[in-house]
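This report concerns only the one structure given below.
Nothing in this text is a laboratory measurement; each read-out follows from the coordinates by a stated rule. In this text, all values refer to a predicted model and were calculated from it rather than measured experimentally. No Cβ is skipped: glycine too gets one built from the backbone with ideal geometry, and neighbour counts run over all protein chains shown.
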Ligand SMILES: [Zn+2]
């Protein structure tokens, strides 16, 4: 998907100038070549942080652009909010809703799939051809 684009000098939010390609509207770095102060969502999470409502400001791409990750500013990151009993209750309700098959109107032991939110059996039995691409897997 990613076309090769030329390397440009890009000014970062803190005034630093770095070399980066410009792809998908974002400064793009090679794997391991991201400048200081940027981190992936997983790196933020490992440090107990979250993007905190801020969008990605850059990205890294590797494996010829088939793999990519968004980069967020560490200085804008917020601390992960601790789970409270109320948040766990909401989380469990959310997961329970994901296990409700809308075709046979019952809870199942796995998350439902597809646009019709069906259990595996109903999904496999459904012969509608609306979403053939989803049946490939
Ligand atoms: Zn079902």
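Can you give the translational diffusion coefficient of the chain in µm²/s, computed by Stokes-Einstein from the Kirkwood radius over Cα pairs at 25 °C and 0.890 mPa s?
D = 132 µm²/s.
Neighbour counts of other C-beta atoms within 10 Å: give me 68, 62, 88 arranged from fewest to most.
Result, fewest neighbours first: 88, 62, 68.
Over the Cα atoms of the stretch 49-97, how large are the radius of gyration and the largest Cα-Cα distance (Dmax), in Å?
15.7, 44
Please arrange 100, 123 by how many other C-beta atoms lie within 10 Å of their C-beta, fewest to most.
Going from least to most buried by this count: 100, 123.
Could you tell me which of rounded, prolate or oblate describes the stretch 6-76, using a ≥ b ≥ c as the square roots of the eigenvalues of the alpha-carbon gyration tensor, with rounded for a/c under 1.5 and, failing that, prolate when a/b is larger than b/c and oblate otherwise?
Here the stretch 6-76 falls in the oblate category.
So what's the angle, to the nearest 10 degrees on a 0 to 90 scale, between helix 85-97 and the longest Cα principal axis of the chain?
Approximately 60 degrees, to the nearest ten.
Using Cα-Cα distances under 8 Å and only pairs 6 or more residues apart, what relative contact order does the chain have, in percent?
14 percent.
From the helices alone, meaning DSSP H stretches of at least four residues, give me the mean residue ellipticity at 222 nm for the chain, per-run term -39500 (n - 2.57), in deg cm²/dmol to the nearest 500.
That comes out to -5000 deg cm²/dmol.
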